[in-house]
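Working notes, structure below.
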Amino acid sequence: REAAPMPARPAAPAVQSPRRAPVRRAAPRTPFVLLVVGLLCGGLVSLLLLNTVLAKDSFRATDLQKTTQRLRQEAQDRRTKLLLDSQPQRIAERAEQLGEKPGKREPQFVEFDAQGREVGRTANQGQAPAGRGQAPAGGDPRAQAEVATR
């Protein structure tokens, strides 16, 4: 028997490797890391500058408060000195230092009528000068004025 020829095998398809997905490379991390580090450093520098400016303003405010307190104290000292210097005894002492001499006569008062004409002069007879204390009896408080004589 003759062997029958074997049917020819169909040619096996060429072995193709399975299709691979394209290889994805990981995105470079260096730019991202540099961006994050840059943002952090920029934020820290900004905070440092802000803190420095605020501290400078705080020192200036403190200096202004101290200056204001010193000026208020000086003003209070001057008010106190003025009150002390305006006391009658101090005024008399200062007048004496400047060569003033006390008057030997009692102060006199000029009396005016309602129209403003001088009526007469009177010596101090225990009356309060016009505008001080009680008004003189029987007259307008504005009707008398003190005349300083020496």
Checklist line | Residues whose placed amide H lies under 5 Å from that of GLN108, excluding near-sequence neighbours | finding: VAL147, THR149
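Which FRET efficiency, nearest 0.05, do GLN65 and VAL33 yield, Cβ-Cβ r, R0 41 Å?
Details: r = 48 Å, r/R0 = 1.17.
With a Förster radius of 41 Å, E is 0.30.
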Next item on the list: Taking 7 Å along the Cα-to-C-beta vector as the label spot, tell me the ALA55-GLN73 distance in nanometres, rounded to one decimal.
Entry: 2.8
Next item on the list: Would you kindly derive the ³J(HN,Hα) couplings of region 79-86 from the backbone phi angles with the Karplus curve 6.51 cos²θ - 1.76 cosθ + 1.60 (θ = phi - 60°), listing them in order in whole Hz, with x for Gly and Pro?
Entry: 4, 4, 4, 4, 5, 5, 6, 8
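DSSP loop GluC sites (Glu not before Pro) in region 51-111 with at most 16 other Cβ atoms within 10 Å of their Cβ, which ones? Display every interim value, and only then the final one.
Values: sites: GLU74, GLU93, GLU96, GLU100, GLU111; in loops: GLU100.
Sites meeting the loop and neighbour criteria: GLU100.
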Next item on the list: Within region 50-118, report the trypsin sites (Lys or Arg not before Pro) that DSSP leaves as loop and that have at most 11 other Cβ atoms within 10 Å.
Entry: LYS104, ARG105, ARG117
Next item on the list: Note down the relative contact order for region 43-124 as a percent, whole number, built from C-alpha pairs under 8 angstrom at least six residues apart.
Entry: 13
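Only the coordinates and a few stated rules stand behind these numbers; no lab work does. Quick caveat, the model's predicted, so the values are computed rather than measured. Here Cβ is always computed from backbone atoms with ideal geometry, including for glycine, and neighbour counts include all displayed protein chains.
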